[in-house]
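K.L.:
Okay, handing you the structure first.
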Amino acid sequence: MKRILISFVCAILGLYTSMACTNFIVGKSASVDGSVICSYNADSYGMYIGLCHYPAAKHAKGEMRKIVDWDTHKYLGEIPEAAETYNVIGNINEFQVTIGETTYGGRHEMVDTTGIIDYGSLIYIGLQRSKTAREAIKVMTSLVEKYGYYSEGETFTICDPNEAWILEMQGCGGDKHNKVVWCAVRIPDNAICAHANQSRIGVFSAYKTEVLHSKNVVSFARNKGWYVGKDKDFSWKNTYAFPDFEGRRFCDARAWSFFNHFHDMSRWLPWALGKDANAEDMPLWILPNRKLSVQDVEMCMRDHYEGTPLSVADGEDIGGGLWEMPYRPSPLTFEVDGKQYFNERPISTQQTGFTFVSQMRNWLPRQIGGVLWFGNDDANMIAYTPIYCGNTIQPECYNTPGADDVTFSDKNAFWVCNWVSNMVYPRYSMLFPTLKQVRDSLENSYFKDQKRVEANALQLYKKSSEEAVKYLNSYSNDKAQSMLSDWKKMAYYMIVKYNDMVVKPEENGAFKMTKEGIAAPTIRPGFSKSYFREVIKQTGDKFAVPEVKK
């Protein structure tokens with residue numbers, strides 16, 4: 001989602017209200033089972049969104065598609081419909097093509113307010129019109145070259161069961177002769193990649209892989225006076241979206257943290273910290289020290305820089321409050337006594353509207369091979385449930401009639417998950433273990449069932465692909481609805497167990513009672529020792545119990 005500009009002046013200064021969204025990419029030879037894997041935390045404060053669905057369709061000649069900006073719902077214009085469009089559920093289509101994004105902004109003067117297609121619309125049009133990642137790139141770039149690109153600088157993840165790509169794009173500010181500039185790099189099959197609101201593509205000639213780009217990618221920059229070197233030395237990000245302190249510390253640091261789970265990234269820590277202007281730039285991809293599973297990627301989507309110099313977890317500083325919350329409130333920057341400070345921006349954040357990890361497999365029938373593991377809140381606070389790519393009916397909890405961004409519904413996953421997570425955040429160390437136990441138990445059950453469920457689907461597929469899709473759709477919806485039920489039970493349990501900042505003891509799976517039939521005395525944990533010390537540092541002897549003279 002958007003790295004939103006506060007104002008024209010703040011855009012020049014590089015100050016933004018949010019640094020939102022994170023994508024990870026895993027090549028098929030870098031995964032444990034040969035899957036291509038990609039992920040997306042869709043982060044934007046106040047965003048309410050569920051699991052979208054665009055059914056496959058045939059369109060008559062002359063039929064038009066209205067384009068409405070994904071963020072603001074502003075009408076932008078119309079483009080001709082394709083003769084045929086494919087089924088899309090969430091951010092995956094029936095051919096297992098998956099698209100995610102992060103907004104990096106770039107040069108503010110490149111935004112084209114006359115463009116017709118915004119980044120969000122481009123994602124879903126690309127999914128509706130493509131059978132492969134390459135085809136999606138062609139569809140997306142040809143459309144903006146013809147109709148103009150309305151949004152800020154964007155990085156797209158575009159994957160299918162065989163290939164993983166990163167595509168970056170910016171408008172040309174309403175230039176009479178240029179609509180858009182773009183470039184795309186294929187991520188090697190044995191590599192992992194990440195992007196998080198900072199442009200990641202550098203010098204094209206440095207990549208020993210396939211690179212695609214618009215014909216004007218260098219000439220446009222030359223004509224603007226932004227680049228004067230040789231074509232072979234041209235760097236996309238250094239020209240169009242230079243990585244400043246915020247781009248590195250708030251954004252690239254998240255990519256660094258993902259890599260750090262699978263490779264010693266200490267060499268590039270100065271880059272992630274953002275304060276050394278001469279630090280060595282971080283690579284676009286790395287070769288991991290082991291192969292990754294879907295579970296590994298889900299775990300990384302829940303990262304708060306644990307075990308690194310950027311950690312905000314485990315009481316590393318007082319900012320987490322008395323129950324050591326690994327989150328920090330917005331805004332990212334703040335002022336105290338005339339001096340600017342900042343909060344860390346980890347991968348897992350409270351502002352996530354939805355999150356997914358997409359699994360794409362080329363050895364299975366496409367309707368069975370593509371799974372979108374989906375959740376409707378902060379990745380750390382949800383259980384990813386399986387949504388198969390051929391599904392045509394959303395679970396009610398991800399598409400709830402009557403629920404919206406200001407209307408709570410206990411039938412809606414976004415609101416129930418946020419209900420629980422917002423209980424957990426301020427009392428994290430106390431309540432999170434309960435959530436984690438439920439979350440991990442559910443996810444482990446899904447992965448345990450996956451082989452059996454897909455074997456059943458394969459048997460049905462031999463008779464009818466439609467029956468296989470129907471079976472997987474029913475399974476997906478049942479698991480999502482069951483998750484919602486378990487989450488509501490957890491909410492009820494938490495309000496009883498942790499009421500008034502104390503803990504009710506349990507025995508044999510039930511709350512402990514006295515022989516007289518009332519609740520047993522509560523446990524009163526109080527502050528952690530580290531927080532007690534901070535209180536005493538600030539208050540001195542104000543709360544010291546006076547010593548009794550003998």
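K.L.:
Leaving ligands, DNA and RNA out of it, rank MET501, MET47 by accessible area with a 1.4 Å probe, largest first.
P.N.:
Working: MET501 110, MET47 30 Å².
Putting MET501, MET47 in descending order of accessible area: MET501, MET47.
K.L.:
Give the angle, between 0 and 90 degrees and rounded to the nearest 10, that separates the Cα long axis of helix 133-147 from the longest principal axis of the Cα atoms of the chain.
P.N.:
Result, in degrees: 70.
K.L.:
Still on this structure: Pop out the Kirkwood hydrodynamic radius of region 334-391 from its pairwise C-alpha distances, inverse of mean 1/r, in Å to one decimal. Show your work: numbers first, answer last.
P.N.:
On the way: mean 1/r = 0.0716 Å⁻¹.
About 14.0 Å for region 334-391.
K.L.:
Highest mean first, how do 77-88, 369-380, 298-309 rank when packing is the count of other Cβ atoms within 10 Å averaged over residues?
P.N.:
Numbers: 77-88: 16.6, 369-380: 25.9, 298-309: 19.8.
Taking the mean over residues of other Cβ atoms within 10 Å, the ranking is 369-380, 298-309, 77-88.
K.L.:
Related question: How large is ³J(HN,Hα), in whole Hz, for each residue of region 361-368 in order, when computed from phi with the Karplus curve 6.51 cos²θ - 1.76 cosθ + 1.60 and θ = phi - 60°, using x for Gly and Pro?
P.N.:
Per-residue couplings from phi come out as 10, 8, 9, 10, x, 4, 5, 9 Hz.
K.L.:
Keeping every protein chain present and rolling a 1.4 Å probe, give me the accessible area per residue for region 340-466 in Å². Kindly include the intermediate steps, with their values, before the conclusion.
P.N.:
Working: 4800 Å² over 127 residues.
The answer is 38 Å² per residue.
K.L.:
A further question on this structure: Counting each pair of different Cα atoms once, what's the Kirkwood radius of the chain in Å, rounded to one decimal?
P.N.:
Working: mean 1/r = 0.0403 Å⁻¹.
Across the chain, the inverse of the average 1/r is 24.8 Å.
K.L.:
Expressed as a whole percentage, what fraction of the accessible surface of region 8-166 belongs to carbon and sulfur atoms when a 1.4 Å probe is rolled over the protein heavy atoms? Each step should come with its number before you reach the end.
P.N.:
On the way: 2960 of 5280 Å².
On region 8-166, the fraction of accessible area on carbon and sulfur atoms equals 56 percent.
K.L.:
Please give the peptides 94-102, 466-474, 63-71 ranked by average Cβ packing (other Cβ atoms within 10 Å per residue), highest first, as a rough proxy for protection.
P.N.:
Details: 94-102: 27.7, 466-474: 18.3, 63-71: 15.1.
Per-residue mean Cβ counts within 10 Å order the peptides as 94-102, 466-474, 63-71.
K.L.:
Tell me the accessible surface of CYS38 in square angstrom (1.4 angstrom probe, heavy atoms of protein chains only), to the nearest ten.
P.N.:
0
K.L.:
Which links in LYS74/LYS179; LYS179/LYS215; LYS138/LYS215; LYS504/LYS529 stretch past 18 Å when you go from one Cα to the other? Display every interim value, and only then the final one.
P.N.:
Working: LYS74/LYS179 20 Å; LYS179/LYS215 12 Å; LYS138/LYS215 14 Å; LYS504/LYS529 21 Å.
Long pairs (Cα-Cα over 18 Å): LYS74/LYS179; LYS504/LYS529.
K.L.:
Ok, one more. Which angle between 0 and 90 degrees, to the nearest 10, do you get for helix 465-497 versus the longest principal axis of the chain when only C-alpha atoms count?
P.N.:
30
K.L.:
Sort all Cα-Cα distances of region 32-177 into consecutive 5 angstrom bins from zero, then give the percent of pairs in each bin up to the one containing the longest distance.
P.N.:
It works out to 2, 9, 18, 23, 22, 15, 7, 3, 1, 0, in whole percents.
K.L.:
Over the chain, what is the mean sequence separation of C-alpha contacts under 8 Å (at least six apart), divided by residue count, expressed as relative contact order in percent?
P.N.:
After rounding, I find 14 percent.
K.L.:
Right, next: Suppose the chain between LYS448 and ASP404 were pulled fully straight at 0.36 nm per residue; how much longer would it get relative to their current alpha carbon spacing?
P.N.:
On the way: separation 44, 0.36 × 44 = 15.84 nm, distance 3.36 nm.
Length gained between LYS448 and ASP404: 12.5 nm.
K.L.:
Give the long-range amide H neighbours of PHE342: residues separated by 5 or more places, or on another chain, with amide H under 5 Å away, using H modelled in the peptide plane at 1.01 Å from N.
P.N.:
PHE334
K.L.:
Ok, one more. Expressed as an acute angle from 0 to 90° and rounded to the nearest 10, what is the orientation of the C-alpha long axis of helix 529-539 relative to the principal long axis of the chain?
P.N.:
In the chain, helix 529-539 runs at an angle near 80 degrees to the longest axis.
K.L.:
Applying 1/(1 + (r/R0)^6) with R0 = 51 Å to the Cβ-Cβ distance of VAL211 and ALA520, what FRET efficiency is obtained, to the nearest 0.05? Let's see the in-between values first.
P.N.:
Details: r = 66 Å, r/R0 = 1.30.
Rounded to the nearest 0.05, the efficiency is 0.15.
K.L.:
Rg (Å, one decimal) plus Dmax (Å, integer) for the alpha carbons of region 376-461?
P.N.:
So, for region 376-461, Rg and Dmax equal 15.6, 48 Å respectively.
K.L.:
What ³J(HN,Hα) values, in whole Hz, does the Karplus curve 6.51 cos²θ - 1.76 cosθ + 1.60 give for region 33-47 when θ = phi - 60°, with x put for Gly and Pro?
P.N.:
10, x, 6, 7, 10, 9, 9, 7, 9, 8, 10, 6, 4, x, 6
K.L.:
For a Förster distance of 60 Å, can you work out the FRET efficiency between the beta-carbons of LYS489 and LYS549, rounded to the nearest 0.05? Don't jump to the answer; show the numbers that get you there.
P.N.:
On the way: r = 55 Å, r/R0 = 0.92.
Step by step, r from the Cβ atoms, then E = 0.60.
K.L.:
Same structure, new question: Can you tell me the Rg and Dmax of region 421-530, counting just the alpha carbons, in angstroms?
P.N.:
20.3, 63
K.L.:
Past 31 Å, Cα to Cα: identify those pairs from LYS131/LYS463; LYS66/LYS451; LYS61/LYS131, in the order given.
P.N.:
Values: LYS131/LYS463 24 Å; LYS66/LYS451 41 Å; LYS61/LYS131 21 Å.
Violating the 31 Å limit, Cα to Cα: LYS66/LYS451.
K.L.:
Let me ask something else. What are the ³J(HN,Hα) values, in whole Hz, obtained from phi via the Karplus relation 6.51 cos²θ - 1.76 cosθ + 1.60 with θ = phi - 60°, for each residue of region 453-462 in sequence order, with x given for Gly and Pro?
P.N.:
Per residue, the Karplus-derived 3J(HN,Hα) values read 4, 6, 5, 4, 5, 5, 5, 5, 4, 4 Hz.
K.L.:
Amide H to amide H, which residues 5 or more places from GLU101 or on other chains are under 5 Å from it, using H placed in the peptide plane?
P.N.:
Those lying under 5 Å, H to H, from GLU101 are THR157.
K.L.:
If I take R0 = 45 Å and measure r between the Cβ atoms of ASP276 and MET64 in this structure, what FRET efficiency does the formula 1/(1 + (r/R0)^6) give, to the nearest 0.05?
P.N.:
On the way: r = 52 Å, r/R0 = 1.15.
With a Förster radius of 45 Å, E is 0.30.
K.L.:
What accessible surface, in Å², does a 1.4 Å probe find on ASP244, ignoring ligands, DNA and RNA and rounding to the nearest 10?
P.N.:
50
K.L.:
Just the accessible area per residue of region 244-332, please: how many Å² with a 1.4 Å probe? Write out the running numbers ahead of the final one.
P.N.:
Numbers: 3510 Å² over 89 residues.
That works out to 39 Å² per residue.
K.L.:
Another question, if that's okay. Quick one: work out Rg over Rh on the C-alpha atoms of region 70-153, Rh as Kirkwood radius. Intermediate values should be presented prior to the final figure.
P.N.:
Working: Rg = 12.8 Å, Rh = 13.4 Å.
A ratio of 0.96.
K.L.:
Now a separate question. Counting each DSSP H run of 4 or more residues in the chain as -39500 (n - 2.57), what helix-only mean residue ellipticity at 222 nm follows after dividing by all residues, to the nearest 500 deg cm²/dmol?
P.N.:
Working: 13 runs with 158 residues, N = 550.
The per-residue figure over the chain is -9000 deg cm²/dmol.
K.L.:
How much of the accessible area of region 237-355, probe 1.4 Å, is carbon plus sulfur, in whole percent? Could the numbers behind the result be given before it?
P.N.:
Values: 2470 of 4830 Å².
C and S atoms contribute 51 percent here.
K.L.:
Can you give me the Cα centroid spacing of region 221-242 and region 130-190 in angstrom?
P.N.:
19
K.L.:
Also: Evaluate the distance, in nm, between pseudo-label points positioned 7 Å from the Cα of GLN295 and of ASN190 along their respective Cα→Cβ axes.
P.N.:
Once both label points are built, they end up 2.6 nm from each other.
K.L.:
How much accessible area per residue does region 43-200 have, in Å², with a 1.4 Å probe? Intermediate results must be reported in sequence, preceding the final value.
P.N.:
Details: 5170 Å² over 158 residues.
Ligands and nucleic acids excluded, the figure is 33 Å² per residue.
K.L.:
Would you mind telling me the share, in percent, of accessible area of region 412-550 contributed by carbon and sulfur at probe 1.4 angstrom? Spell out each step's value before the answer.
P.N.:
Working: 5000 of 8980 Å².
Using a 1.4 Å probe with all protein chains present, region 412-550 comes out at 56 percent carbon and sulfur.
The values are calculated or read from the model by the stated rules, or taken from the named source; none is laboratory data. These figures come from a predicted structure and were not determined experimentally. Note: ideal-geometry Cβ built from the backbone for every residue, glycine included; neighbour counts use all protein chains shown. Heavy atoms of the whole protein, side chains included, go into the accessibility calculation; ligands, DNA and RNA do not. Shrake-Rupley method; radii C 1.70, N 1.55, O 1.52, S 1.80 Å.
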